[in-house]
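J.: Submitted below is the structure of interest, expressed as structure tokens.
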Amino acid sequence: MISIKSEHEINMMREASKILIETREALRDMIKPGISTRALDVRAEEVIRSYGAVPSFKDYEGYPASICASINHVVIHGIPNDQEKLKEGDIISIDLGVFYKGYHADSAATFAVGEISNEKAQLMKVTEEALFKGIEMAMPGNHVSDISHAIESYIKPYGYGIVETFTGHGIGRQLHEEPQVLNYGPKGQGPILRPGMTICIEPMVNLGSKNVKVLSDGWTVVTTDKKPSAHAEHMILITQDGHEIMTKKKE
């Protein structure tokens, strides 16, 4: 069942989002060659807990860290560690969740490490632009698949692989709620969006094939052709006349 959030619940999710944004900005400042993914994870947990919140991901179904740190051909769920250090030319996707006073916020972004190749830069740009094309369709009266179709339609001309086995989702008291938000498919299908719904829209886009696999740790998802992948995600509130991007930094 898709939950419609009360004003109190929405305000709690806004507070969780503020903490998430502060944490993401703290990590952005640390991303440079030589930093370990473990150091990013430690800092994220410090910032989140300093606000009286907890990392949504830590111990979620056994996940061992506070963030997902996915470098180059790792699509999602890269587990931070001390050995893995960022290098010039890498791209890294940071997926981040905050649980505050009973409610979650969730967002992801891909960052460049120093100077990156033109093909990686374009992949990142298209992935973020596709996210916002999907967000444009997040308004009352539209179907969930209108978001999906907008994302796919924007990415397709570039020939990139759109990951199909992992999707966006509803969010609130639980990190993952209904509805599922695909990144592909025809418009006009699935649940109708209504004010008070909160969803996460998150295209995962590969430079090569759409095909991915999960490694033996049970978490890390990589491209099968080992080509780079980018990930962009925002948490969205459906409002009376459109939407609010809850996890976007205020200008």
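The values are calculated or read from the model by the stated rules, or taken from the named source; none is laboratory data. Bear in mind the structure is a predicted one, so any value in this text is a computation, not a measurement. Cβ coordinates were reconstructed from backbone atoms using ideal geometry, including for glycine residues, and neighbour counts include every protein chain displayed. These accessible areas exclude ligands, DNA and RNA; they are computed on the full protein's heavy atoms, side chains included. Shrake-Rupley method; radii C 1.70, N 1.55, O 1.52, S 1.80 Å.
J.: Could you pull out every residue, at least 5 positions away or on a different chain, whose amide H is within less than 5 Å of the one on Leu193? Hs are placed 1.01 Å off N in the peptide plane, and Pro or chain starts have none.
T.: Correct list: Gly141, Asn142, His143, Val144.
J.: Springs between alpha-carbon pairs under 10 angstrom, Gaussian network model over the chain: which of Ser36, Ser229, Ser117 fluctuates most?
T.: In this elastic network of the chain, the residue with the biggest mean-square fluctuation among Ser36, Ser229, Ser117 is Ser117.
J.: Give me the dipole magnitude in Debye, nearest 20, for region 1-120 about the Cα centre, with unit charges on the beta carbon: positive for Lys and Arg, negative for Asp and Glu. Please report the intermediate quantities before stating the final value.
T.: Numbers: 14 positive and 19 negative charges, 30 e Å.
So the magnitude is around 140 debye.
J.: Apply the Karplus parameterisation 6.51 cos²θ - 1.76 cosθ + 1.60, with θ equal to phi minus 60°, to every residue of region 235-247 and state each ³J(HN,Hα) to the nearest whole Hz, in sequence, with x for glycine and proline.
T.: Listing the rounded values in order: 9, 10, 9, 7, 9, 4, 10, x, 7, 10, 8, 6, 9 Hz.
J.: Measure off, as a whole percent, the carbon and sulfur share of the 1.4 Å-probe accessible area of the chain, all protein chains present.
T.: Carbon and sulfur atoms account for 50 percent of the accessible area of the chain.
J.: Below 8 Å, C-alpha to C-alpha, sequence gap of six or more: please give me the relative contact order for the chain in percent.
T.: Details: 649 pairs, mean separation 55.9, N = 251.
Averaging sequence separation for qualifying contacts and normalising by length gives 22 percent for the chain.
J.: I'd like the FRET efficiency for Ile4 and Arg28, computed as 1/(1 + (r/R0)^6) with the beta carbon distance as r and R0 of 25 Å, rounded to 0.05. Each step should come with its number before you reach the end.
T.: Values: r = 33 Å, r/R0 = 1.33.
For R0 = 25 Å, the calculated efficiency reads 0.15.
J.: Mind checking which of Arg38, Arg49, Arg24 has the largest fluctuation in a GNM of the chain, springs on alpha carbons under 10 Å?
T.: Of Arg38, Arg49, Arg24, the Gaussian network model singles out Arg49 as fluctuating most.
J.: Taking the dipole about the Cα centre of the chain, with the C-beta of Lys and Arg at +1 and of Asp and Glu at -1, give me whichever of Leu215, Ile92, Ala121 is farthest to the positive side.
T.: Ala121
J.: In sequence order, what are the phi-derived ³J(HN,Hα) couplings for region 83-96 according to the Karplus relation 6.51 cos²θ - 1.76 cosθ + 1.60 with θ = phi - 60°, rounded to whole Hz, with x for glycine and proline?
T.: So the Karplus estimates, Gly and Pro as x, are 7, 7, 10, 5, 10, 3, x, 6, 10, 9, 9, 10, 9, 9 Hz.
J.: Mind checking the per residue accessible area of the chain for me, 1.4 Å probe, whole number of Å²?
T.: Numbers: 11080 Å² over 251 residues.
Accessible area per residue, the chain: 44 Å².
J.: Related question: Find, among the trypsin sites (Lys or Arg not before Pro) in region 211-251, those assigned to loop by DSSP (not H, G, I, E, B) with at most 15 other beta-carbon atoms within 10 angstrom.
T.: Values: sites: Lys213, Lys226, Lys248, Lys249, Lys250; in loops: Lys226, Lys248, Lys249, Lys250.
Within region 211-251, the qualifying trypsin sites (Lys or Arg not before Pro) (loop, at most 15 other Cβ atoms within 10 Å) are Lys226, Lys248, Lys249, Lys250.
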